Amino acid sequence: MQFRRVSFSASAFFLIVAICQFLFVELNFGRDFIGGTFIEVRVTSGVADLARMRTELGGLGLGDVQLQQFGTEDAVLIRVPKQPGGDAAQQFAIDNVRVALGNEVEFRLGVMEIIPRVSTEFLAQSTIGLMIAILAILIVSWLRFEWQFGLGAMIANVHNLVLTIGFMSLLQIDFDLSSNAALLTILVYSLNDTLVIYGRIRESLCRYKRMTIPDLLNNSLNSTLSRSITTHVTVTLALLALLLFSGHAIRSFVSTMIFDVVLVGTYTSVFIAAPILIYLGVGSTRASTKETTDKRFFHSQD
């Protein structure tokens, strides 16, 4: 707790940097939010070789073209991002894909385009989903503990989200529906870690009536520290395996999760969520109750 002023100052600085990064650079919106074209093809020579097809399409200069198996082993779904230059440029990109793949595939059901209106709806619904999740965290934490704990958990989670979005903007990680799923996962994961610590703090408030709040928070953090480290290390190992051996389709999800779990999540739970309770006045009711009890005791003695 003695480092809380340093941690709050550092967090304020990085939050300002993350907000400025987002405002001036913006996010690298993926095809889920800016539109694009889906092409379904079937390989005529057996099982689809996705690695070779990615190499062939990667040299066309069409941006981040994604491929994934669709249904059977010979069916492939190709996702071509929206091209600058309008419909003519998009059709030219589709024609280039047809020429690059040649006779090794046959095109099925033509193409399907994600229109900008649908993409805008995706973005709006994702934003609303995040806002509802944050509000639900506040309500549930308030009902489960006290209002100070609910507000502290909400502040900690907003802190995580802002830094994570700034990180995505800095590295220009694709922001698509999987990235939005990562943000929702981060909310739940961080809330779980924070509430474990808050549960121990509440137990200590009932058990140690005379202990100062900073010492009480320190003891609560120390008693849950081994659990937090074990959990974070275990999740990090699983995420690293996904990052190294999984395909491109979930890379934005995994990268976002690793940033929060490894760098931001534990720091926020220890240096933000816990010490913020001091400034929110947690335990003040306990102090006033103790003072009233002492006064009644002395009056009865008189």
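The values are calculated or read from the model by the stated rules, or taken from the named source; none is laboratory data. Remember, it's a predicted structure, so these values are computed and weren't measured experimentally. Glycine also receives a Cβ, built like all others from the backbone with ideal geometry; neighbour counts cover every protein chain displayed.
Of note:
- Scan of the range 232-268 for residues that are modelled with pLDDT under 85, small (Gly, Ala, Ser) and over 23 Å from residue 170 (Cβ atoms), ordered by number: 247
- Options 34, 39: the member that is aliphatic (A, V, I, L, M) and either in contact with an Asp or Glu (Cβ under 7 Å, 6 or more places away or on another chain) or at pLDDT below 75 (or both): 34
- Residues considered: 197, 132. Of these, the only one that is farther than 20 Å from residue 15 by Cβ and exposed (fewer than 15 other Cβ atoms within 10 Å of the Cβ) is 132.
- Residues in the range 200-251 that are in contact with a Gly (Cβ under 7 Å, 6 or more places away or on another chain) and among the hydroxyl-bearing types (Ser, Thr, Tyr): 0 in all.
- Verdict on residue 62 being of a type in the set (A, V, I, L, M, F, W, C), part of a loop (DSSP other than H, G, I, E, B) and not assigned by TED's automatic domain parsing to the domain that holds residue 253: yes
- Residue match in the range 207-228 (condition: of a type in the set (A, V, I, L, M), farther than 27 Å from residue 145 by Cα, outside the structural domain of residue 80 (by TED's automatic domain parsing) and free of Cβ contacts under 8 Å to residues at least 60 places away in the same chain): no
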